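Presented below is the structure to which this report refers.
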Amino acid sequence: CAEGRYGGRCEKDCICKNGARCHSFNGACLCTPGWKGDRYVLNVTECPPNRHGEHCEKLCDCENGGRCERLKGCLCVSGWTDVRCNTSCPAGTFGQDCQEHCRCNGTELCDPVNGTCRCHEG
């Protein structure tokens, strides 16, 4: 069928909106990212505060300065990791989601936020 038409003989008009594509046989609307609803008229690019997921069905309970991102959930600030950003970086790691490795010698402590090496107290 031509764009905007569907049916056995392409005799019906599609009524999809906001960039959704029409299935050529049954007229079902195939949504584009960020839209939902029978004809994709509801914008779900943003979820209500502290919610995430494809349909905003999951709760974000971020700690330690983490922020809720619509699809991924909690995005942690440097120095924190885990689903709720409630676990500090393990020894020897630092940065966003603790992805960086410290370059401190064995007698120094590594700052979990920025990787700065510092001496033990005393």
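The values are calculated or read from the model by the stated rules, or taken from the named source; none is laboratory data. Worth saying up front: this structure is predicted, and the values here are computed from it rather than measured. Reconstructed Cβ throughout: ideal geometry from the backbone, glycine too, with neighbour counts over all protein chains shown.
Assorted remarks:
- Near pairs, Cβ below 6 angstrom, 6+ apart or cross-chain, from region 42-64 (more than 16 Å from C76 (Cβ to Cβ)) to any residue that is modelled with pLDDT of 85 or more and surrounded by 13 or more Cβ atoms within 10 Å (Cβ to Cβ): K58/H52
- Residues of region 63-82 satisfying the condition of being surrounded by 14 or more Cβ atoms within 10 Å (Cβ to Cβ) and within 13 Å of the chain's Cα centre (by Cα): G66, C68, R70, G73, C74, L75, C76
- Qualifying position, being modelled with pLDDT under 80 and in contact with a strand residue (DSSP E or B) (Cβ under 7 Å, 6 or more places away or on another chain), among R70, R39: R39
- Here is the figure for region 90-103: residues that are surrounded by 16 or more Cβ atoms within 10 Å (Cβ to Cβ) and farther than 20 Å from D61 by Cβ total 5.
- Checking each residue in region 102-122 for being of a type outside the set (A, V, I, L, M, F, W, C) and either outside any strand (DSSP E or B) or modelled with pLDDT of 95 or more (or both) picks out R103, N105, G106, T107, D111, P112, N114, G115, T116, H120, E121, G122.
- C1 over 21 Å from the mean Cα position of the chain (by Cα), of a type in the set (A, V, I, L, M, F, W, C), part of a loop (DSSP other than H, G, I, E, B) and modelled with pLDDT under 90: yes
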